[in-house]
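One structure is given below, encoded as structure tokens.
A short reminder: the numbers here are calculations on the coordinates, not readings from a lab. The structure displayed is predicted, hence computed values, not measured ones. Using ideal geometry, Cβ is built from the backbone for each residue, glycine included, and neighbour counts are taken over all protein chains shown.
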Amino acid sequence: MEKKSISRRRFIRNSAGLGLTAGISPVIPSTAKSYSRIFNANERVNMGVIGCGGMANAHMDALLKMKDSDNISIATVCDIYTKRLDAAKEKTQGKAVKSYLDILNDKDIDSVLIATPEHWHHRMILDAIEAGKHIYTEKPMTHSIEESREVVNAMANAKVKLQVGVQGMSDDSYETANKYIKEGAIGDVVMAHIDYSRNYKGDDFWAYTIDNDAKPGVNLDWEAWLGPAPTVAWDPRRYFQWRKYWDYSGGIATDLFIHRITRILKSLDLKFPDTVVASGGLWHYEKTRGDIPDTFNMLVNYPEGLTALVVSSLANDTPIRHLIRGNMGTLEFTRTGFEISPQKAVTDSVISGTGENVNKEGKLIHKKTGAEDVTLHHRNLLNAIREGEAIKCDQNLGYYGVVVCMMGVQSFRNNAYLKWDSNKQEVVDA
């Protein structure tokens, strides 16, 4: 589950299609390297979009609505599938290119949106840092733990901002919950549990439509899309339904759990887990094509002294309550924020006497500001670029999320109970 090996010959072949030279370093002119200008508060930010599939279109729709209010432009779009590229060009009225390096080489581009499959995030992030471009990357930050560690190291001396697309962090509930928990509002935290479940009709899940217009070698560069992933023959399912294959995705863990576990990380100020074990299987969609299970669960112990339970099924969407349990109270996340309820065993609730926020049942109710919204998440990055605002989901929080989710994937795939070696910053058998 760590970074995949890739032969030098294979890298050269793939790199040629993207404008890369042999070796790992991209072709970024010296005039563009580490170029990151200082912005005035109201100065326009010119953006490049890398990857123009379904999620990218949701981002582009949001960004186009922000064009005037936030003074931004989508200057350039990039995709290896001509049909998607042409549609993005028409939507944005931006310039269209097939190599993302053309975006990074453009000194007029200030920031990039990386909305590609997971297996390309790492390389594109590192190249964007080298080119001095600010970055919004779709979640997860990378496809492996080792790759995330490299991104964190690269960002240590970078002059750019990096936002990971866990847009729930633009909801203030989790940082506010953290304040209450630090103040002792629920006492000694012992457990958290959260889920992200769905239910798909028919005999398959994540079965996105396959576009028969896609023709490798004609209007789609399959080798470029594969990039660092293993070489396989053209398979439209792998291209259009890539979330179902380990080569390009962590499945439920990195597409769904990353949203949920990051909420727990933020609320409890957690970093790396102690141990992780995952379970699940293909319990319902037996006719599905792909690698990943339809039901997946993780039990995570943190060295701070608590267990996190993360649950998902794609064959039943009944949610579990999203709770953080302490010996003196329980914090429950709701659609409108969160509530803190004292434990009956506690005679004097630590949340009593806090004023108008406590209702007649003794609950403390927090009404959230912000939301799980890509517009707010992009705006946070823009404010960070212009005014130095703190990033809601930076590379460090992105790293912590990748570690726990990919440990879950590795545990499931290897049927192993895993431990995090904090000294070596790597996964070992428990």
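One entry in [x] 64, 54, 40; [y] 63, 51, 35; [z] 71, 53, 45 is Cα extents along the principal axes in Å calculated from the shown coordinates; its label is [z]. Working note: 222 nm ellipticity from helices only, DSSP H runs with n ≥ 4, each -39,500 (n - 2.57), summed and divided by the residues of the chain, gives -8500 deg cm²/dmol to the nearest 500.
Largest GNM mean-square fluctuation among VAL409, VAL232, VAL152, using the chain with Cα springs under 10 Å: VAL232. Sequence-ordered 3J(HN,Hα) estimates for the stretch 267-280 from the Karplus curve with 6.51, -1.76 and 1.60 and θ = phi - 60° stand at 5, 10, 6, 8, 10, 9, x, 8, 9, 9, 9, 10, 8, x Hz, glycine and proline given as x.
In the stretch 161-302, the convex hull through the Cα atoms has an average projected area of 11.9 nm², a quarter of its surface area. In this rough spin-label picture, where each label sits 7 Å from Cα along the Cβ direction, the ASN212-ALA233 distance is 2.0 nm.
Taking neighbour Cβ counts within 10 Å as the exposure measure, how do ARG149, ARG335 sort from fewest upward? Present the calculation step by step, with values, prior to reporting the outcome.
Numbers: ARG149 17, ARG335 5.
Neighbour counts put them in this order, fewest first: ARG335, ARG149.
This ranking places TRP225, TRP206 by how few other beta-carbon atoms lie within 10 Å of each, fewest first, which gives TRP206, TRP225. Compute the acute angle (0 to 90°) between the alpha-carbon long axis of helix 173-182 and the principal axis of greatest extent of the alpha-carbon atoms of the chain; round to the nearest 10°. The answer is roughly 40 degrees. Between the helical axis of 54-65 and the longest alpha-carbon principal axis of the chain there is an angle of about 90 degrees.
Shown here is the pair-distance distribution of the stretch 372-430: with all Cα-Cα distances grouped in 5 Å bins from zero up to the longest one, the shares run 4, 16, 18, 17, 11, 9, 12, 10, 3, 0 percent. Residues LYS182, LYS91, LYS139 in ascending order of nearby Cβ atoms (within 10 Å, fewest first): LYS182, LYS91, LYS139. In order along the stretch 230-235, phi translates into HN-Hα couplings of x, 6, 9, 5, 3, 9 Hz, rounded to whole numbers, per the Karplus curve 6.51 cos²θ - 1.76 cosθ + 1.60 with θ = phi - 60° and x for Gly and Pro.
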